[in-house]
Amino acid sequence: MTDRAPPLVTDDLTLFAAALPDLGALAGLDLGDKTIGVAVSDLRRSVASPLSTIRRTKFTADAEALLTLTRARDIRGLILGLPRNMDGSEGPRAQSTRAFARNLSRISDLPIAFWDERLSTVAAERALLLADTSRKRRSEVIDHVAAGFILQGALDRLGHVRRL
C-alpha cells in the first residue's frame, strides 16, 4: 500500500483545470478497441496536434507505451474521449473507457478528464476527406486525428474555464 493520494479522474473540467500547473502540455486520447489515438497540446494549451497511434495489445503494454510517451513529452494531464451514445447515455464503450482511466490512475499520477467525443471521428474523417487524403493514409491517421479533435474541444473549454 502506498501513501500517495489517487490522481484526479473526473468529468468536470473545472476540477481538472485546478489540478494542473499553469503551464504544460496535455495529451488527448481516442481510445478504441484496437488502437489509441494520441494528440498533444502546446505548453500553453492552445493548440492540439495529432501525434501517433498506439496499437493495443493488453492493458499493461498499452499503459507502458502511453506513459513512455507522456514522460518523453512532459505531459501534465490526460483528456480521454468518452464515447457517449447520441442520446447522451453511456454504453459499454464508455464503461470500458472509464475502466481504462481507473486502471491508469493506479499507475500514474497524471490527472485525467473525460471529454464527450461524439462525432469526433466523423469530424476527423471529414477533415481528412477535405484534405484529399488517400483512403490508405486516412486509415493510418484517423485515430490520432480524432484524438486531436477531442483534445482541441477540451482545450477550448479549458481556456474558457481559466478566464472565469
> Can you find even one residue in segment 5-26 that is in a helix (DSSP H, G or I), touching a residue at least 24 places away in the same chain (Cβ under 8 Å) and more than 16 Å from Pro111 (Cβ to Cβ)?
Replying inline: no
> Considering segment 109-127 alone, what residues qualify as being within 15 Å of the chain's Cα centre (by Cα) and either modelled with pLDDT of 85 or more or among the charged types (D, E, K, R) (or both)?
Replying inline: Leu110, Pro111, Ile112, Ala113, Phe114, Trp115, Asp116, Glu117, Arg118
>> Just to be sure before I move on: is Arg76 surrounded by fewer than 17 Cβ atoms within 10 Å (Cβ to Cβ), under 19 Å from Val161 (Cβ atoms) and of a type outside the set (A, V, I, L, M) in the structure I sent?
In response: no
>> Among the listed residues Ala94, Ala63, Ala72, identify the single one that is under 14 Å from the mean Cα position of the chain (by Cα) and at pLDDT 95 or above.
In response: Ala63
> Are there any pairs, at least 6 apart or on different chains, whose C-beta atoms fall under 8 Å, with the first in segment 137-161 and under 12 Å from Gly81 (Cβ atoms) and the second in a helix (DSSP H, G or I) and at pLDDT 85 or above, and if so, which?
Replying inline: Ala154/Leu13
>> Only one of Lys34, Lys58 is modelled with pLDDT of 95 or more and out of contact with any Cys (no Cβ under 8 Å at 6 or more places or on another chain). Can you tell me which?
In response: Lys58
> Would you pick out the residues in segment 34-56 that are surrounded by fewer than 15 Cβ atoms within 10 Å (Cβ to Cβ), farther than 13 Å from Leu158 by Cβ and out of contact with any Gly (no Cβ under 9 Å at 6 or more places or on another chain)?
Replying inline: Lys34, Arg55
> Only one of Arg55, Arg45, Arg84, Arg73 is touching a helix residue (DSSP H, G or I) at 6+ places or on another chain (Cβ under 9 Å), under 20 Å from Ala146 (Cα atoms), in contact (Cβ under 8 Å) with a residue 40 or more places away in the chain and not β-branched (Val, Ile, Thr); which?
Replying inline: Arg45
> Looking at segment 88-115, which of its residues are of a type in the set (Lys, Arg) and either over 20 Å from Thr60 (Cβ atoms) or in contact with a helix residue (DSSP H, G or I) (Cβ under 6 Å, 6 or more places away or on another chain) (or both)?
Replying inline: Arg93
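The values are calculated or read from the model by the stated rules, or taken from the named source; none is laboratory data. Please read all numbers here as calculations on a predicted model, not as lab measurements. Glycine gets a Cβ as well: all are built from the backbone with ideal geometry, and neighbour counts include every protein chain shown.
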